[in-house]
1. Run the simple label-point estimate for residue 162 and residue 175 please: 7 Å along Cα→C-beta, distance reported in nm.
2. Taking the 0 to 90 degree range and rounding to the nearest ten, how far is the long axis of helix 213-223 tilted relative to the main principal axis of the chain, both from C-alpha atoms?
3. If the viscosity is 1.567 mPa s and the temperature 4 °C, what Stokes-Einstein diffusion coefficient in µm²/s follows for segment 2-79 when Rh is the Kirkwood radius over Cα pairs?
4. Using alpha carbon centroids, what distance separates segment 176-196 and segment 26-67, in Å?
5. Over every pair of different alpha-carbon atoms in the chain, take the mean of 1/r and invert it; report that Kirkwood radius in Å.
6. If a paramagnetic tag sat 7 Å from the Cα of residue 118 along the Cα-Cβ line, which residues of segment 154-195 would have the backbone N under 17 Å from that point?
7. Among 38-44, 244-250, how do they line up from the highest to the lowest mean number of other beta-carbon atoms within 10 Å?
8. Among 98-110, 143-155, what's the highest-first ranking by average C-beta atoms within 10 angstrom per residue?
Ligand code: FES
């Protein structure tokens, strides 16, 4: 399956989106709501590209590259004046929502937007409502956060704004957020996130803090594995697995 992107013939794999194909072949398309490990959502509209039908008939359509499947014969342009204008418009709006976000400021500058042409939001934070954190929380199986409100009042929040009971303190939301909008503070064996304090497990091999106790219990319940399986940090886990593998090879 051949897709032509910016004049280059590229081999697409079954199941590729235009974004997958572009990134694999070194073509830059900016994204905010895309995350490798999560279902696509298509909300930020920063990855817009122009697509023409096989054969080049008809006007080019504008589509989000993260959601649009690669098809044989498609002709795609990722950096036309029209695309540049549309991305600048998206970033102009995001800059009004999150004027303090370094990520948005840097992206906006790349598209020639130094200051937003809209009225800045009162009491702005760094949340661009890309939904990455909510999808990460769902993927973890905690379902502790969701979207609330609409339009400029939209936000990511706990249920009823004050119920962190379902949160296991895994930090997936904070670690996946593209703008660093979610505060998570680790201090020794404590973690604070979503206004809740969590105790962290002491790695049974090296003694360093690892998962929160709530996260370890959550993983044990979901996987059916014994709780001790989650008392070892990632690094020690990898070292132990490597040692076992060498044992098997008789080295
Ligand atoms: S990355 Fe495609 S719409 Fe956000």
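Just so it is clear, none of the values below were taken in a lab; they were calculated from the coordinates. Just so we're clear, the structure is a prediction, and the values are computed from it rather than from any experiment. Reconstructed Cβ throughout: ideal geometry from the backbone, glycine too, with neighbour counts over all protein chains shown.
1. Result for the modelled spin labels: 3.1 nm.
2. For helix 213-223, the angle is close to 80 degrees.
3. Values: Rh = 12.4 Å.
Roughly 104 µm²/s, to the nearest whole number.
4. 31
5. On the way: mean 1/r = 0.0477 Å⁻¹.
That comes to 20.9 Å for the chain.
6. 154-156
7. Working: 38-44: 16.6, 244-250: 8.4.
Going by the mean number of other Cβ atoms within 10 Å, highest first, we get 38-44, 244-250.
8. Details: 98-110: 16.8, 143-155: 13.4.
For the peptides 98-110, 143-155, the packing ranking is 98-110, 143-155.
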